[in-house]
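Asks: Starting off with a structure, shown below.
The values are calculated or read from the model by the stated rules, or taken from the named source; none is laboratory data. Here the structure is a predicted model, which is why all the values come from computation and not from measurement. Cβ sites come from the backbone with ideal geometry, for glycine too, and all protein chains shown count toward neighbours. In case anyone asks, the SASA skips ligands and DNA or RNA and just uses the protein heavy atoms, side chains included. Shrake-Rupley method; radii C 1.70, N 1.55, O 1.52, S 1.80 Å.
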Amino acid sequence: MKRWIWATAIATTAALPASAAEDVTTFTLENGLEIVVIEDHRAAAVTNMVWYRTGAADEPPGKSGIAHFLEHLLFKGTDELEPGEFSAIVEANGGSDNAFTSWDYTGYFQRVAADRLELMIEMEADRMTDLVLTDEVVLPERDVILEERSQRIDNSAGGIFGEQRRAAQYLNHPYAIPIIGWRHEMEELSRKDALDFYDTFYAPNNAILIVAGDADPDQVLRMAQTHFGPIPANPDLPVRVRPQEPPQVAERRIAYADARVAQPYVLRTYLAPERDPGAQETAAALTLLSELLGGSSATSVLGGKLEFEEQRSVYTAAFYNGLSLDATSFGFINVPAAGVSLEDAEADVDRVIAEFMAEGVDEAALERIKMQLRASEIYSRDSVEGRARQYGTALTSGLTVEDVQAWPDILQATTSEQIMAAAEMVFDRRNAVTGWLMRESAEEVMQ
């Protein structure tokens, strides 16, 4: 690997006080790069991550899939590294690396021995600013992402159904667009499209460096100053404002039939609020509501009733993830037992939810779930990569380090009254998308 030297930059620091249970320090460089160091000195290893506040929901119209495409292309070389050399160097140093794209963020990470950290930071700084792309690497990689779409979506009944259901959920917001992109637009993505997106969003003032593991915060700051500090901020970074959803006034329904469906099911989702900085109480109530209704087959409201007591379902669940920059969703799934139609399966969910709304929260069940969540939060600290992902996902979704650290206590303080208020707010059929995934057509099912 060729070596290079950056000039030194001056940084402004704003170290947050560490919580009682976790040592977290933050800094901000003059060029806007945010740095989060999560100390865990139990093993001489680190996870190094660079998160960009850009994803599929930030793509220009007509260029769906460009955020994910660029993620692939960042492994294709810089003015210092040949295509594939980045990962080869990581592997040669005993580490592993990968990347991921969502609607609100794109992230890159390496797991290495602690004494290899500066090399990782140096290479990440290099590909933040010096990406080199030619048609010889761009066009074959476009074929790769098209094949990835074929495998994950086009050749999967559930993948097609999920994509169509999400498009029905969002009429105006770009969360309707699949992360991997619409095929007809992916086929037209070009080298210029990738470089335009790169030049716009891949800048220090749109990025977060997260280092978790056996790392000293002051040393991480020094490394970041040396390698990221000289990179200029993008003065033209666009404000992160997306089109928002208009009020939904009527339930939307979809039905998708496919001969490849092994197990038909009903899925309903409602638009729901996301976790907001300094105001996470509603999201906490919805998190606990999802656990109460469908977190565990054996003990949840849906599972206990439909799977065990009545044996009308083989699987039920409720789900909610508030880590989203804009409005997210709350949902249910019901996979009916043999002989139970999708129409009856949908009615079963409605009946059980209506009973829950009439009876309210079981306080003993709520306390049990709170204890489980607290234990899960403590156990999660054993994974430095997991902790880095928690902070990265939260920070790129508009939250702060303080919000992440306050979240466990907010969950514990949530009352049954708050949970029921959140349920009343969300469970409005006019705000829902109900989907059936089936083997037969909708006409055949309803006969």
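Asks: Tell me, please, whether a residue that is of a type outside the set (Lys, Arg) and surrounded by 21 or more Cβ atoms within 10 Å (Cβ to Cβ) can be found in region 230-252. Outline the logic, then answer.
Replies: First pass over region 230-252, keeping only residues of a type outside the set (Lys, Arg): 230-239, 241, 243-251.
Imposing the further condition that a residue be surrounded by 21 or more Cβ atoms within 10 Å (Cβ to Cβ) reduces the set to 231.
Within region 230-252, one or more residues are of a type outside the set (Lys, Arg) and surrounded by 21 or more Cβ atoms within 10 Å (Cβ to Cβ).
Asks: Next up: Quick one: in region 307-327, which of the residues that are free of Cβ contacts under 8 Å to residues at least 60 places away in the same chain and closer than 30 Å to Glu281 by Cα is farthest from the chain's Cα centre (by Cα)? Before you say what the answer is, go through the steps one by one.
Replies: Looking only at region 307-327, we keep the residues that are free of Cβ contacts under 8 Å to residues at least 60 places away in the same chain, and these are 307-322.
When the remaining residues are screened for being closer than 30 Å to Glu281 by Cα, the result is 315-322.
Numbers: Tyr315: 24, Thr316: 23, Ala317: 19, Ala318: 18, Phe319: 14, Tyr320: 12, Asn321: 9, Gly322: 10 Å.
Among residues in region 307-327 that are free of Cβ contacts under 8 Å to residues at least 60 places away in the same chain and closer than 30 Å to Glu281 by Cα, the one farthest from the chain's Cα centre (by Cα) is Tyr315.
Asks: Taking the condition of a type in the set (Asp, Glu) and under 30 Å from Glu187 (Cα atoms), does Glu80 pass?
Replies: On the way: of a type in the set (Asp, Glu): yes; under 30 Å from Glu187 (Cα atoms): yes.
Yes; evaluated as a whole, the condition is true for this residue.
Asks: When only residues in region 369-417 that are aromatic (Phe, Trp, Tyr) and under 20 Å from the mean Cα position of the chain (by Cα) count, which is least open to solvent (accessible area, probe 1.4 Å)? Steps first, please.
Replies: So the first thing to find is which residues in region 369-417 are aromatic (Phe, Trp, Tyr), and the list is 379, 391, 407.
Those still in the list that are under 20 Å from the mean Cα position of the chain (by Cα) too: 391, 407.
Details: Tyr391: 1, Trp407: 38 Å².
For region 369-417, the residue satisfying everything is Tyr391.
Asks: Right, another one. So, in region 68-94, exactly how many residues are open to solvent by less than 20 Å² (accessible area, probe 1.4 Å) and either small (Gly, Ala, Ser) or part of a loop (DSSP other than H, G, I, E, B) (or both)?
Replies: Count: 3.
Asks: While we're here: Quick one: would you say Glu163 is crowded, with 16+ Cβ neighbours inside 10 Å and more than 17 Å from Glu30 (Cβ to Cβ)? If you could, list the steps in order and put the result at the bottom.
Replies: Numbers: crowded, with 16+ Cβ neighbours inside 10 Å: yes; more than 17 Å from Glu30 (Cβ to Cβ): yes.
Yes.
Asks: Evaluate region 140-159: report whether one residue or more is within 14 Å of Leu70 (Cα to Cα), crowded, with 17+ Cβ neighbours inside 10 Å and among the β-branched types (Val, Ile, Thr).
Replies: Filtering region 140-159 down to residues within 14 Å of Leu70 (Cα to Cα) leaves 140-146.
The next check asks that each one be crowded, with 17+ Cβ neighbours inside 10 Å; those that pass are 141-142, 145-146.
If we keep only those that are among the β-branched types (Val, Ile, Thr) too, we end up with 145.
Looking for residues that are within 14 Å of Leu70 (Cα to Cα), crowded, with 17+ Cβ neighbours inside 10 Å and among the β-branched types (Val, Ile, Thr), one finds at least one in region 140-159, hence yes.
Asks: In addition: Do we find a residue being buried (at least 21 other Cβ atoms within 10 Å of the Cβ) and assigned to a strand (DSSP E or B) anywhere in region 51-67?
Replies: yes
Asks: Which residue out of Phe100, Phe109 is outside any helix (DSSP H, G or I) and open to solvent by 20 Å² or more (accessible area, probe 1.4 Å)? Working first, answer last.
Replies: Details: Phe109 fails: open to solvent by 20 Å² or more (accessible area, probe 1.4 Å).
It is Phe100.
Asks: While we're looking at this one, here's another question. Residues Ala212, Ala194, Ala168: which one is outside any helix (DSSP H, G or I) and in contact (Cβ under 8 Å) with a residue 12 or more places away in the chain? Spell out how you get there, then give the answer.
Replies: Details: Ala194 fails: outside any helix (DSSP H, G or I); Ala168 fails: outside any helix (DSSP H, G or I).
The unique qualifying residue is Ala212.
Asks: Here's something else I'd like to know. Any idea how many residues of region 60-80 are among the aromatic types (Phe, Trp, Tyr) and under 14 Å from Gly107 (Cβ atoms)?
Replies: Initial filter on region 60-80 (among the aromatic types (Phe, Trp, Tyr)): 69, 75.
The next check asks that each one be under 14 Å from Gly107 (Cβ atoms); those that pass are 75.
Qualifying residue count, region 60-80: 1.
Asks: Also: All but one of (1) within 29 Å of Arg166 (Cα to Cα); (2) loosely packed, with under 14 Cβ neighbours inside 10 Å; (3) at pLDDT below 95; (4) of a type in the set (A, V, I, L, M, F, W, C) hold for Ala354; which doesn't?
Replies: (3)
Asks: Step by step: first the residues of region 133-151, then only those that are touching a residue at least 12 places away in the same chain (Cβ under 8 Å) and of a type in the set (D, E, K, R), then the one that is nearest to Leu73 (Cα to Cα). Which residue is that?
Replies: Only one residue tops the list, namely Glu141.
Asks: Could you please let me know if Ala442 is at pLDDT below 95, over 25 Å from the mean Cα position of the chain (by Cα) and open to solvent by less than 40 Å² (accessible area, probe 1.4 Å)?
Replies: Yes: the conditions hold for Ala442.
Asks: For Asp326, all conditions in the list (1) of a type in the set (Asp, Glu); (2) touching a His at 6+ places or on another chain (Cβ under 7 Å); (3) farther than 30 Å from Asp403 by Cβ hold save one; what is the number of the exception?
Replies: Here Asp326 clears every test but (3).
Asks: Return only the number of the condition from (1) open to solvent by less than 20 Å² (accessible area, probe 1.4 Å); (2) touching a Ser or Thr at 6+ places or on another chain (Cβ under 9 Å) that Asn321 does not satisfy.
Replies: (1)
Asks: Further question on the same structure: Report whether or not Val349 is in contact (Cβ under 8 Å) with a residue 40 or more places away in the chain, farther than 30 Å from Trp407 by Cβ and under 28 Å from the mean Cα position of the chain (by Cα). Before the answer, list the steps.
Replies: Values: in contact (Cβ under 8 Å) with a residue 40 or more places away in the chain: yes; farther than 30 Å from Trp407 by Cβ: no; under 28 Å from the mean Cα position of the chain (by Cα): yes.
In short, no.
Asks: Conditions: (1) under 19 Å from Thr101 (Cβ atoms); (2) touching a Ser or Thr at 6+ places or on another chain (Cβ under 9 Å); (3) of a type outside the set (Asp, Glu). Met49 meets all but one. Number of the miss?
Replies: (2)
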